[in-house]
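Asks: Below are the structure tokens for one structure; questions will follow.
The values are calculated or read from the model by the stated rules, or taken from the named source; none is laboratory data. Not measured: the values here are computed from a predicted model. With ideal geometry, Cβ positions are generated from the backbone for all residues, glycine too; neighbour counts draw on all protein chains shown.
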Amino acid sequence: MSKGNPQIYHYLRRYQEDPTSRVFAPLAEAYRRAGLLEEALEICRDGLRIHPHFIGGRVALARALFDKGEYQEVVKELEPILLDAPDNLVAQKLVAESYLILGRLSQALAAYKVLLFFMPADHEIAQLVKEIETKSYEDGSMLLVKDPVQLKNLNNFAVVGAKDALSHDPEVLRTEWVKRVEVLQSLLIRVQRFKLAKSV
């Protein structure tokens, strides 16, 4: 399989010459692009045992995990990197999309806003930020406070669990969850369109 793919063969030959080199990252990426996710994950994990702080290797691992649908693992892998390097746009985008797929809208919004900060001319990301923000305010997962007095009074609110904050009427609950699923689906469609537009 590797010999049929010149890119894989190129990196694999270099990796075999020196298994301690950082060439494992582009080799893993070549495996990922060829759809060989298990090989990509294995080579990344082997390489990261030798180079645990190599950001390129961590991002290559996260890309393979994302393609495999392991979104929680993507977040776990990249959050520490983004604390020190928020301008790593590949990592930031992977985390933003993973948050969105996991339904963590406020964190997805924050990650997309960081992307927009570094790419202010990107209208697709700007539109996505606007839509997530609007939906978050609509479903109450975010609160817009303009009045400083209001902000001060937030400390007086009683905190209750999410279960107690919902209606106990099964029909109302069902309607609310259907609405939330529809919102999430519409946002995921936007992300998919954004990814397709960028790949063209």
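Asks: Keeping to the stretch 11-25, report how many residues are touching a Phe, Trp or Tyr at 6+ places or on another chain (Cβ under 9 Å), within 9 Å of residue 47 (Cβ to Cβ) and not small (Gly, Ala, Ser).
Replies: Residues that pass the stated criteria total 4.
Asks: If the requirement is being at pLDDT 95 or above, farther than 17 Å from residue 29 by Cβ and either of a type in the set (Ser, Thr, Tyr) or not in a helix (DSSP H, G or I) (or both), which of these qualifies: 106, 98? Step through it out loud before you land on a result.
Replies: Numbers: 106 fails: at pLDDT 95 or above.
Testing whether each residue is at pLDDT 95 or above, farther than 17 Å from residue 29 by Cβ and either of a type in the set (Ser, Thr, Tyr) or not in a helix (DSSP H, G or I) (or both) leaves just 98.
Asks: Limited to the stretch 63-76, what total is found for residues that are of a type outside the set (Lys, Arg), within 17 Å of residue 32 (Cα to Cα) and either assigned to a helix (DSSP H, G or I) or touching a Phe, Trp or Tyr at 6+ places or on another chain (Cβ under 8 Å) (or both)?
Replies: 7
Asks: Still on this structure, please answer the following. List the residue pairs whose Cβ atoms are under 8 Å apart, where the first residue sits in the stretch 66-77 and is within 11 Å of residue 91 (Cβ to Cβ), the second is surrounded by 17 or more Cβ atoms within 10 Å (Cβ to Cβ) and among the β-branched types (Val, Ile, Thr), and the two are 6 or more positions apart or on different chains.
Replies: Every condition considered, the pairs that remain are 66/74; 74/95; 75/95.
Asks: Quick one: residue 75 ticks every box in (1) surrounded by fewer than 19 Cβ atoms within 10 Å (Cβ to Cβ); (2) touching a Ser or Thr at 6+ places or on another chain (Cβ under 6 Å) except a single one, so which number is it?
Replies: Of everything listed in (1) surrounded by fewer than 19 Cβ atoms within 10 Å (Cβ to Cβ); (2) touching a Ser or Thr at 6+ places or on another chain (Cβ under 6 Å), residue 75 misses just condition (1).
Asks: Only one of 50, 8 is farther than 30 Å from residue 132 by Cα, in contact with a Phe, Trp or Tyr (Cβ under 7 Å, 6 or more places away or on another chain) and of a type outside the set (D, E, K, R). Can you tell me which? Reasoning before the result, please.
Replies: Working: 50 fails: in contact with a Phe, Trp or Tyr (Cβ under 7 Å, 6 or more places away or on another chain).
Just one listed residue meets the conditions, 8.
Asks: I've got another one for you. Looking only at the stretch 15-62, count every residue that is assigned to a loop (DSSP other than H, G, I, E, B) and surrounded by 19 or more Cβ atoms within 10 Å (Cβ to Cβ) and tell me the total. Before you say what the answer is, go through the steps one by one.
Replies: From the stretch 15-62, those assigned to a loop (DSSP other than H, G, I, E, B) are 18-23, 34-36, 51-54; that's our starting set.
With surrounded by 19 or more Cβ atoms within 10 Å (Cβ to Cβ) added as a condition, the list becomes 23, 36.
Residues meeting the conditions: 2.
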